[in-house]
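Worksheet: one structure, shown below.
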Amino acid sequence: MLILGIETSCDETAAAVLKDGRHILSNVVASQTIHERYGGVVPEHASRAHMTAIVPVVRKALGDAGTREDAIEGIAVTNRPGLVGCLLVGVSFGKALAYALSVPIVGVDHIEGHLFAVRLTDPEMRLPAVCLVVSGGHTELVRIEAWGRYETVGRTRDDAAGEAFDKIGKLLGLPYPAGPVIERTARGGDPAAFSFPRAMMEPGQFDMSFSGLKTAVRYKVEERGDLPEGAALSDILASVQAAIVDVLVEKTLRAAEAHGVATVCVAGGVAANGPLRSRLAEEAAGAGLSVVIPPKELCTDNGAVIAAVGDFLLSKGRNDGFALSASASREEARAGRYSS
Ligand code: KG4
Ligand code: ZN
C-alpha cells in the first residue's frame, strides 16, 4: 500500500510517501525559519507559512518517491494535538486530495506518530516497551503494550524538555529552536561546571519537572549581570544539557524496571540530542535492556512517521472520511490509557 503522510502541527511542513508500512520512498521537511526572530512559534505566522509550503512540499515528496499522485492509495494527516490553525492546513489539504483521488483518509495523533519512528526503525522490536517521547510540546513516558495500545506512565508537570532547551536558549540570547544550538555550543563545555537542579527524583516517581532548571539558569545570568559568551556559555549549556539528560535517562530506566519491560526506546525532537542518545544506549545496555533509537530525521517532526501510523490504521479498515477535523488537545490521553 502506498501512503502519503502529511504533518503540519507546529512549525514544520512535512510530507512523505511510505510503501507497505516500512519503506520510506521520500520524506520532505520544510522548517519555518520565520520564528527565529521571535524566540518561539507565532501561530498565525506558522499557519500562513504552511499554506505557502504545503503544495510544493507534497509535490516534492511525490517527485522524490518517483510516484504520481494517482498511485497514492491512502492519506494520513496529523489532526491532533497541535496549533489548530496549523493542523487545519494539513487536514483541509489532505481531505481535498483524498476527495480528488477517491482514497481513504485517516487523522493521526502526533504523539503516536513520534512513537512509530521506533516501529519504522525496528519493526520486530519486542513489546511491551517503555518509550520516552520528548519534544518541544510533550515529555512523556509511554508504555507501549502493543502497537495501537498505550499507557502514559509519567509526564512533565510543567515545561516539556524541548521547551526547557528552547526557553533557556532564549534567556541566553540563542535563536529558536535552541535545542540543536545548545547541543553544538555545549561541546567542549564542562557538564559539571554548574550543579543545576534535577527535580522530582524520589523513588517511584515517573513524572518530571523542568521549570526549576529554567529559573536556576535565570538566577545564574542575573548573578553575572551579563550574558555569558565563549567558554562560560559552553560550560552553562553543557551543565544544562547534563541536568536534562540525567533526568530523562534515569526516569526512563526506572519506568522500564517498574513496568517490567525488556525494551526501552526514545522518540520526538529532543531524541535527536547526541548526549541523550548515547547515555540512553549505554545505560540501557548496562541494565540488560534492549534499546531502539531511531535515526535523527525520524525523531524530529516528519511525514514518514505519520504515514506509518496511517498505514497501520488504514490496514485495519479505518477511514475518517470528510468529517475529519483538527483538535488542539488530545482528549484520549487524559485518562492515561489510550489506543489509536
Ligand atoms: O518533535 P519536534 O520536532 O516538534 C514538536 O513536536 O515539538 O521537537 C522540537 C523540539 C524543539 O524544542 C527543539 O529545540 C528540540 O526538539 N530539539 C533538540 C535537538 N533537536 C531538536 N533538543 C536538544 N538537542 C537537539 N539536538
Ligand atoms: Zn513533534
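Just a yes or no: is a residue in region 108-127 at pLDDT 95 or above, in contact with a Leu (Cβ under 9 Å, 6 or more places away or on another chain), over 17 Å from Asn302 (Cβ atoms) and more than 16 Å from ligand 1 (Cβ to nearest atom)?
Scanning region 108-127, I find no residue that is at pLDDT 95 or above, in contact with a Leu (Cβ under 9 Å, 6 or more places away or on another chain), over 17 Å from Asn302 (Cβ atoms) and more than 16 Å from ligand 1 (Cβ to nearest atom), so the answer is no.
Kindly list, by first and then second residue, each pair from a residue in region 73-92 that is among the charged types (D, E, K, R) to a residue that is outside any helix (DSSP H, G or I), limited to pairs with Cβ atoms under 6 Å and residues at least 6 apart or on different chains.
Close Cβ pairs (under 6 Å, with a partner that is outside any helix (DSSP H, G or I)) amount to Glu73/Met1; Glu73/Leu2; Glu73/Val103; Arg80/Asp109; Arg80/Ser327; Arg80/Arg330.
Every residue in region 53-71 that is farther than 24 Å from Ser31 by Cβ and hydrophobic (A, V, I, L, M, F, W, C), please.
The answer is Ala71, and nothing else.
Note down all Cβ pairs under 8 Å where the first residue falls in region 1-20 and is basic (Lys, Arg), the second is assigned to a loop (DSSP other than H, G, I, E, B), and they're at least six residues apart or on different chains.
Cβ pairs passing all conditions: Lys19/Met1.
Exactly one of (1) away from ligand 1 (no atom under 16 Å from the Cβ); (2) surrounded by fewer than 23 Cβ atoms within 10 Å (Cβ to Cβ); (3) in a strand (DSSP E or B); (4) in contact (Cβ under 8 Å) with a residue 40 or more places away in the chain is unmet by Ser26. Its number?
All conditions are met except number (4).
Return the residues of region 91-139 that are within 13 Å of ligand 2 (Cβ to nearest atom) and either among the aliphatic types (A, V, I, L, M) or over 14 Å from the mean Cα position of the chain (by Cα) (or both); say none if nothing qualifies.
Residues satisfying the conditions are Val108, Ile111, Leu115, Ala117, Val133, Val134.
Can Leu276 be described as aliphatic (A, V, I, L, M), within 19 Å of Pro197 (Cβ to Cβ) and within 16 Å of ligand 2 (Cβ to nearest atom)?
yes
Going by the structure shown, is Gly148 of a type in the set (Gly, Ala, Ser) and within 19 Å of Arg277 (Cα to Cα)?
In short, no.
Starting from region 164-189, take each residue that is within 16 Å of ligand 2 (Cβ to nearest atom) and list its partners that are part of a loop (DSSP other than H, G, I, E, B) and among the hydroxyl-bearing types (Ser, Thr, Tyr), counting only C-beta distances under 9 angstrom and pairs at least six apart or across chains.
Cβ pairs passing all conditions: Asp166/Tyr176.
Looking only at residues in region 168-180 that are under 17 Å from the mean Cα position of the chain (by Cα) and not in a loop (DSSP other than H, G, I, E, B), which one is surrounded by the most Cβ atoms within 10 Å (Cβ to Cβ)?
Gly179
Do the conditions hold for Ser329, that is, is it hydroxyl-bearing (Ser, Thr, Tyr) and either in contact with a His (Cβ under 7 Å, 6 or more places away or on another chain) or modelled with pLDDT under 95 (or both)?
Taking the combined requirement at face value, the residue satisfies it.
Table: residues versus (1) assigned by TED's automatic domain parsing to the domain that holds Arg68; (2) of a type outside the set (Asp, Glu).
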site	(1), (2)
Lys95	yes, yes
Ala100	yes, yes
Val134	no, yes
Leu141	no, yes
Gly162	no, yes
Pro175	no, yes
Val181	no, yes
Arg187	no, yes
Asp190	no, no
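Give region 11-61 a look and list any residue that's among the charged types (D, E, K, R), more than 18 Å from the chain's Cα centre (by Cα) and under 20 Å from Val309 (Cα atoms), or say none.
Passing the criteria: Lys19, Asp20, Arg22.
Scan region 108-115 and give yes if some residue there is in a strand (DSSP E or B), of a type in the set (D, E, K, R) and touching a strand residue (DSSP E or B) at 6+ places or on another chain (Cβ under 8 Å), otherwise no.
Checked against the condition, which is being in a strand (DSSP E or B), of a type in the set (D, E, K, R) and touching a strand residue (DSSP E or B) at 6+ places or on another chain (Cβ under 8 Å), region 108-115 yields at least one hit.
The values are calculated or read from the model by the stated rules, or taken from the named source; none is laboratory data. Note that this is a predicted model, so its numbers are computed, not measured. Here the Cβ is made from the backbone with ideal geometry for all residues, glycine too, and neighbour counts use every protein chain on show.
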